[in-house]
Amino acid sequence: MNENHVVEILIVEDSPQDLELALRALKKAKVSNRIQVARDGAEALEFIFGEGAHAGRKLENGPKVVLLDLKLPKVDGLEVLQRLKSDPRTRMIPVVVLTSSKEQSDVVESYKLGVNSYIVKPVNFEAFAVAMQQLGMYWLLLNQAPSL
């Protein structure tokens, strides 16, 4: 498969405003290439596991990191996280919860399920852009991922 089909970042976000902010911030941070967007948990799982509309997509073609909202339609973020971390084929993919939820139960449950990082979304664009730039730099450039 062509290298251009490898997805580096999967953004799972149902809010059009938050998605637009994330995409703008990643573009500003120069990590806007090879991004896939899923607008609900079911779409995210289909993409990751190569099912449904994404049948035939190879698991080894990404993503390198998943930015996951918790409050999603169809399948919520905690269930997406649970499916990813319980499957040996996807367990090693770093998952960063990026949510507006400060609920302690969401934080605790996310870590119990194996989340790599839990970030509460900043409300203003500049803070969000800085957070996205740091996320992109860390997960795509600095983090040493295992070879699968």
Obtain the radius of gyration and the Kirkwood radius of the chain from its C-alpha atoms and give Rg over Rh.
0.93
Using a Gaussian network for the chain with springs between C-alpha atoms less than 10 Å apart, which of these wobbles most: LYS30, LYS64, LYS121?
LYS30
When the chain is modelled as a GNM with alpha-carbon springs shorter than 10 Å, which of GLY52, GLY41, GLY62 fluctuates the most?
GLY52
Approximate spin-label separation SER100-VAL37, in nm, with each point projected 7 Å along Cα-to-Cβ:
1.7 nm
Over all Cα pairs of the stretch 13-89, the Kirkwood radius sets Rh, and Rg/Rh then becomes 0.96
Relative contact order (percent, whole number), the stretch 3-140, Cα cutoff 8 Å, 6+ residue spacing
28 percent
With R₀ set to 30 angstrom, the calculated FRET efficiency between the beta-carbons of LEU59 and SER117, to the nearest 0.05, is 0.85
The answer for the longest stretch of the chain without any exposed GluC sites (Glu not before Pro) (DSSP loop, at most 15 further Cβ atoms within 10 Å) is 52-102
Nearby aspartates and glutamates by direct alpha-carbon distance to LYS71 (threshold 16 angstrom, same-chain neighbours under 8 apart not counted)
GLU13, ASP14, ASP18, ASP40, GLU43, GLU79, GLU103, ASP106, GLU109
Checked against a 25 Å limit on the C-alpha separation, the offending pairs among LYS27/LYS112; LYS30/LYS85; LYS74/LYS121 are LYS27/LYS112; LYS30/LYS85
Select from VAL95, VAL108, VAL12 the residue whose mean-square fluctuation is largest in a Gaussian network model of the chain (Cα-Cα springs shorter than 10 Å).
VAL108
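Every number here is computed from the coordinates shown, using simple stated rules; none is lab data. Just so it is clear, the structure is predicted and the values come from calculations on it, not from any experiment. Heads up, the Cβs are rebuilt from the backbone with ideal geometry, glycines too, and the neighbour counts pull from every protein chain shown.
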